[in-house]
Amino acid sequence: MSSRPTARCTRAVQQLRAPTEAIWITDGLLTSAFERYCHVSHLTRRNSSSTPGPLESRKRLGKRKMTAMYLDHQSTLPPWAMELPVDLSKWKWQPPTLRQSSGGNDLHVEKDRPAPAASTTPWTVIQKMMRTLAGEEKAQEDDGRETLPADPLMERLSQARSAVAASTPQAMDPAFWSFTRHLEQDIKSGALDSDAVVMAVSTFPLSLANAEADRQVVDTAIREFLSAVVSGIKSSSRFSAADLKDTFWNMVLIQASQLLGGRTSLPLVQTILDAIPLSYIDDVHEGVVAAVQSLVATSLQWRTRPADIGVALRRLCPEDHNALLGKLETAIHEGMRKTRNQTRQLYWLQILAHMPLVRQDYLLDACVRSAYFDQCLLGSAGRHLSELLFDQWTSRGYLQSHGEGVAEWPRDCAGRPDLSLAALVVKIGYNTPFNYIAKTVWILLSLLKFLRRFGRQEELFDSMRAYCQVNTRIPIIPFSLLAKAGGDHRFALTTLSILENHADRLDGKKRQWWQWLPQSERDKQILKQWDWKAWPRYVEGMIKDESINPAIVWKVVRSGAVADFRWKKDWRRVDTRKNVARQLPYERRLAEAERWKKTRIELIQNMAVWFSEAKHLTDSTILRNVGRCVTWLRAHEVELEHRVVLAVVTVGLRELKRCEPGRTRRISWVLDIIEEHGGEKERRLVARRLQRWREANVASGERAEEAKSG
């Protein structure tokens, strides 16, 4: 069966090869033209045609295919394997030749067609084409690398100086803009080598500085000239920035630092610092220090922000460029001491805060070296410290997962500097994702590290009190995370007391119905949101602290603990289709409650031991708290461990150790616990020994009384 006319025509065109004298008609050109014709014909949306062609009806096409099976359907090479002439610049146009006949034309084509190679494969054709193209590109590259001689370059520099002399502060001469544009293009293409670039940079700015022209025009010309040179070097195809010596980059930075401060000086310095290789940074320290000094000196006039300078120095790392950062710090502090504005001394610290490779420890040491916070007024130190930390956290990307509300912190506390610390804590800790709680605690820990280093921790509490007085909604979670970061029971208790004093303003799910309760009931609701699960790490320190009442310990331990023992082990749900989907969340909640129950049992057992070891408490207080722990364990059907029994025996027999008779009721309580732990036999054995001990104490007491009376 023959193919469609479209396929036959396309195949016929592919089989016919144009002679070399008619190279302007190629196989690919004819093929693409016929394909476009077929595509356009389909777009006319005609369903069929009675003539042979791409729209011929299927019935007519089938009949014709049955009678055209004698046609040759020999395939040809794909288009990418055709031997097409590569170099079109060496052929000469000739008019096309007329065909004599179909048979003669085929013979003519076969005779003129070169004999194929012994092994002609698509890969050999591709390799041949690639070698030809590579040779042409190399030839073109060699032709384009013809460097300009020195005399034409000097002539162009002289013309540029004349254009600068003819310029005014309002508008530069168009010839100068043409010069900078062509200069950058020549450096990119390689028409100017590195020696010519060094010569131009060393002579042109110096000649302009000595010329009698307007200072603003000269600075603009030098700035645009250096910008064109650096941009050309960064994108040059012949040499890189590392091919130029460090003395060249040092000279470029010094020339940029000598320009008058302007809004365009900072982008120029940033471009130069980005182009300098990192291996040259320490060697060009003179230029870096001079450039940064000029930017800082003109910051008041042009409002150059420390963030922009920090971005320009973003590649500097204290581990690799410590000496350079030390020189920058010394130079900036010497320049700032001349100013009477005290807040300007923070400029270097603000620059460090915006450098992403500077760690917190280095920033903290720089704050100590500056001695600014030692003489800072009360209230402003917290504001400046929080700003530095906020800038550093932002530059290092620590606040990306805390939502867009964190970016509103500078605006929220702009009018109240005393609220800055507390507002920063709330912005960071509020709506923290569960996966980022540990990261949030680490961020708050860095804040406390700064405050403790300068002894400004009390300012944080003052800021929290002021924040609670001003705001009508006070979130609990941020301050609980802050207490967790503090790691100290006194810090956590102080934070909790501040929240308890403003219980009616706390933001929580149950605030609508418990805000009208008495103060004691409101405290319980507060602690349910900041429950006992956050306090086990502080309980031992609270028990051993002489300034803390044991009642406060039990207050935090009992907060929100009722729900942890609500679920029983034999709890089941009806396994219906409606409840199958709800089975997993309840089982997960049951497993979590069981885990927290074990944690709480271990906490109560440890509390019994810690209370028995507290030396600052009275015997009655110790006995009361240990007994409370034992009562709780008994109520929850927990078997007493050996260490708990030893704690009970130690507390119950303190009077016997002091050679006193002891109290019968207390000794009986100890014996009951021993019987529960070791059995009745152990109780009788201990009871006999205690009886002998009491009798010996009574006898010794009588002898002491007789000796005293006699």
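The values are calculated or read from the model by the stated rules, or taken from the named source; none is laboratory data. Computed from a predicted model, the values in this text were never measured in an experiment. All Cβ positions, glycine included, derive from the backbone under ideal geometry; neighbour counts span all protein chains shown.
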With the condition kept exactly as written, say whether any residue in region 281-290 is within 18 Å of PRO205 (Cα to Cα), touching a Leu at 6+ places or on another chain (Cβ under 7 Å), surrounded by fewer than 21 Cβ atoms within 10 Å (Cβ to Cβ) and among the small types (Gly, Ala, Ser).
yes
Residue list for region 195-207, filter: over 40 Å from the mean Cα position of the chain (by Cα) and buried (at least 20 other Cβ atoms within 10 Å of the Cβ)
ALA200, PHE204, PRO205
Consider LEU266 carefully, then state whether it is at pLDDT below 90, buried (at least 20 other Cβ atoms within 10 Å of the Cβ), in contact with a helix residue (DSSP H, G or I) (Cβ under 9 Å, 6 or more places away or on another chain) and farther than 17 Å from THR203 by Cβ.
yes
Say whether the condition of being among the hydrophobic types (A, V, I, L, M, F, W, C) and at pLDDT below 90 is met by at least one residue in region 604-623.
no
Looking at LEU419, LEU451 in this structure, which one is in contact (Cβ under 8 Å) with a residue 60 or more places away in the chain and touching an Asp or Glu at 6+ places or on another chain (Cβ under 9 Å)?
LEU451
Filter region 225-259 down to residues that are within 19 Å of TRP177 (Cα to Cα) and surrounded by fewer than 19 Cβ atoms within 10 Å (Cβ to Cβ) and give me whichever is nearest to the chain's Cα centre (by Cα).
SER231
Count of residues meeting criterion [part of a helix (DSSP H, G or I) and either out of contact with any Leu (no Cβ under 8 Å at 6 or more places or on another chain) or not polar (S, T, N, Q) (or both)] in region 245-280
24
Yes/no for LYS449 being of a type outside the set (Ser, Thr, Tyr) and under 18 Å from the mean Cα position of the chain (by Cα):
no
For region 678-700, check the following and say yes or no: at least one residue is touching a residue at least 24 places away in the same chain (Cβ under 8 Å), assigned by TED's automatic domain parsing to the domain that holds HIS642, part of a helix (DSSP H, G or I) and acidic (Asp, Glu).
no
When you go through (1) more than 56 Å from the chain's Cα centre (by Cα); (2) outside any helix (DSSP H, G or I); (3) under 26 Å from ALA551 (Cβ atoms) one by one for PRO661, which number turns out not to apply?
(3)
Quick one: count up the residues across region 410-451 that are modelled with pLDDT of 90 or more and among the basic types (Lys, Arg).
1
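Given the structure, is TYR372 assigned to a helix (DSSP H, G or I) and either in contact with a Pro (Cβ under 8 Å, 6 or more places away or on another chain) or at pLDDT below 85 (or both)?
no
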Of the residues that make up region 599-614, is at least one under 20 Å from GLU540 (Cα atoms), assigned to a helix (DSSP H, G or I) and of a type in the set (Asp, Glu)?
yes
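Would a scan of region 634-645 turn up a residue that is under 18 Å from LYS597 (Cβ atoms), among the charged types (D, E, K, R) and not in a loop (DSSP other than H, G, I, E, B)? Give the steps one after another, and end with the answer.
Our first condition is that a residue be under 18 Å from LYS597 (Cβ atoms); within region 634-645, this holds for 634-641, 644.
This time we only want the ones that are among the charged types (D, E, K, R), so: 634, 637, 639, 641.
Narrowing the set further to residues that are not in a loop (DSSP other than H, G, I, E, B) leaves 634.
Yes.
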Hey, PHE491 hits all of (1) within 31 Å of the chain's Cα centre (by Cα); (2) over 21 Å from ILE428 (Cα atoms); (3) modelled with pLDDT of 90 or more; (4) buried (at least 16 other Cβ atoms within 10 Å of the Cβ) but one; which does it fall short on?
(2)
Anything in region 389-409 that is surrounded by fewer than 22 Cβ atoms within 10 Å (Cβ to Cβ), farther than 23 Å from SER480 by Cβ, modelled with pLDDT of 85 or more and not charged (D, E, K, R)? List them, or say none.
THR394, SER395, GLY397
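Going by the conditions given, is ARG156 in a helix (DSSP H, G or I), more than 37 Å from the chain's Cα centre (by Cα), modelled with pLDDT under 90 and farther than 22 Å from HIS285 by Cα? First the steps, then the outcome.
Details: in a helix (DSSP H, G or I): yes; more than 37 Å from the chain's Cα centre (by Cα): yes; modelled with pLDDT under 90: yes; farther than 22 Å from HIS285 by Cα: yes.
For ARG156, the condition - in a helix (DSSP H, G or I), more than 37 Å from the chain's Cα centre (by Cα), modelled with pLDDT under 90 and farther than 22 Å from HIS285 by Cα - is met.
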